[in-house]
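Written out below as structure tokens is the structure these notes cover.
The values are calculated or read from the model by the stated rules, or taken from the named source; none is laboratory data. It should be emphasised that the depicted structure is a prediction, and the values quoted were computed from it without experimental measurement. Cβ placement follows ideal geometry from the backbone for every residue including glycine, while neighbour counts extend to all protein chains displayed.
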Amino acid sequence: GNSVTQMEGPVTLSEEAFLTINCTYTATGYPSLFWYVQYPGEGLQLLLKATKADDKGSNKGFEATYRKETTSFHLEKGSVQVSDSAVYFCALSDHSGAGSYQLTFGKGTKLSVIP
Amino acid sequence: DAGVTQSPTHLIKTRGQQVTLRCSPKSGHDTVSWYQQALGQGPQFIFQYYEEEERQRGNFPDRFSGHQFPNYSSELNVNALLLGDSALYLCASSNDRDGYTFGSGTRLTVV
């Protein structure tokens, strides 16, 4: 079955530091890949996505590239801010279309950014 | 434009009781999915409703059931509550064009 493995946290960084959160996956076929962010007391927000190999998703300074050869989708940001403190989830779906797919999530990585 | 609305936000139930959680989808969305997020874990797919029928189901026991109404809103019912059912329950709505929009969740505590 499908599975997602992401680096365990918590991760603590100083403001303006470089961020990498590793994510690897196991799936049949050609999944779509996602990064979601969860702020305290809130639901999940889509941060970025990629639907095919070599696609790069980007949003708010975050980037991730769909690497089929290494089955990875690592999240990066060049300069983190205190406001980036949250829990980050890597996820995949086995359906590239909207609406009818189900998501398989990793366990999440808690990021704390200190001033 | 209202997003996904879930109620209640918090709930405390006793082991063995039954609970109903509610979800109103984002305007224009016709599909509702439910996820269970245990503390410190990623969300796990429970089931998805479309056209008032269960379209997909994850690996959850029959104690978990749902319903979708003609206005696309949905309920999640859990019978014979166990301590292990304590979690954040997330509802997400979608349609054929959009990806998921998640609600803020219902925090269920079973004591």
Strands (runs of 3 or more DSSP E) fully within the stretch A:32-115 counting 3 or more residues that are more than 14 Å from chain B (Cβ to nearest Cβ) and closer than 21 Å to B:Gln44 by Cα
none
Cβ pairs under 9 Å, 6+ apart or interchain, first in the stretch B:73-92 and away from every other protein chain (no Cβ under 14 Å) and farther than 20 Å from B:Val32 by Cβ, second at pLDDT 95 or above and surrounded by 20 or more Cβ atoms within 10 Å (Cβ to Cβ), ordered by first then second residue, are B:Leu81/B:Leu108; B:Ser86/B:Leu108
Just the residues that are in contact (Cβ under 8 Å) with a residue 60 or more places away in the chain and under 14 Å from A:Phe105 (Cβ atoms), please, taken from the stretch A:9-28.
A:Ile21, A:Cys23, A:Tyr25, A:Ala27
Tell me the residue from B:Lys26, B:Lys13 that is surrounded by 18 or more Cβ atoms within 10 Å (Cβ to Cβ) and of a type outside the set (Ser, Thr, Tyr), please.
B:Lys26
Can you say whether B:Phe47 is closer than 21 Å to A:Tyr36 by Cα, within 14 Å of chain A (Cβ to nearest Cβ), out of contact with any helix residue (DSSP H, G or I) (no Cβ under 6 Å at 6 or more places or on another chain) and surrounded by 13 or more Cβ atoms within 10 Å (Cβ to Cβ), as far as the supplied structure shows?
yes
Can you name every residue in the stretch B:93-111 that is more than 8 Å from every other protein chain (Cβ to nearest Cβ) and not hydroxyl-bearing (Ser, Thr, Tyr)?
B:Arg107, B:Leu108, B:Val110, B:Val111
Quick count over the stretch A:8-23, residues being within 14 Å of another protein chain (Cβ to nearest Cβ) and either surrounded by 17 or more Cβ atoms within 10 Å (Cβ to Cβ) or under 15 Å from A:Lys68 (Cα atoms) (or both), is 2
Is it the case that B:Tyr72 is surrounded by 21 or more Cβ atoms within 10 Å (Cβ to Cβ), farther than 28 Å from A:Tyr88 by Cα and touching a Pro at 6+ places or on another chain (Cβ under 7 Å)?
yes
Kindly provide the set of residues from the stretch B:4-26 that are under 15 Å from the mean Cα position of the chain (by Cα) and outside any strand (DSSP E or B), ordered by number.
B:Val4, B:Pro8, B:Thr9, B:Gln18, B:Pro25, B:Lys26
Considering each of A:Glu16, A:Glu8 in turn, give the residue that is within 16 Å of A:Gln81 (Cα to Cα) and either out of contact with any His (no Cβ under 9 Å at 6 or more places or on another chain) or modelled with pLDDT under 95 (or both).
A:Glu16
Of the criteria (1) more than 23 Å from A:Val82 (Cα to Cα); (2) out of contact with any Gly (no Cβ under 8 Å at 6 or more places or on another chain); (3) in contact (Cβ under 8 Å) with a residue 12 or more places away in the chain, which one A:Lys56 fails:
(3)
Selection count where residues are surrounded by 13 or more Cβ atoms within 10 Å (Cβ to Cβ) and more than 11 Å from the chain's Cα centre (by Cα), scope the stretch A:46-58:
2
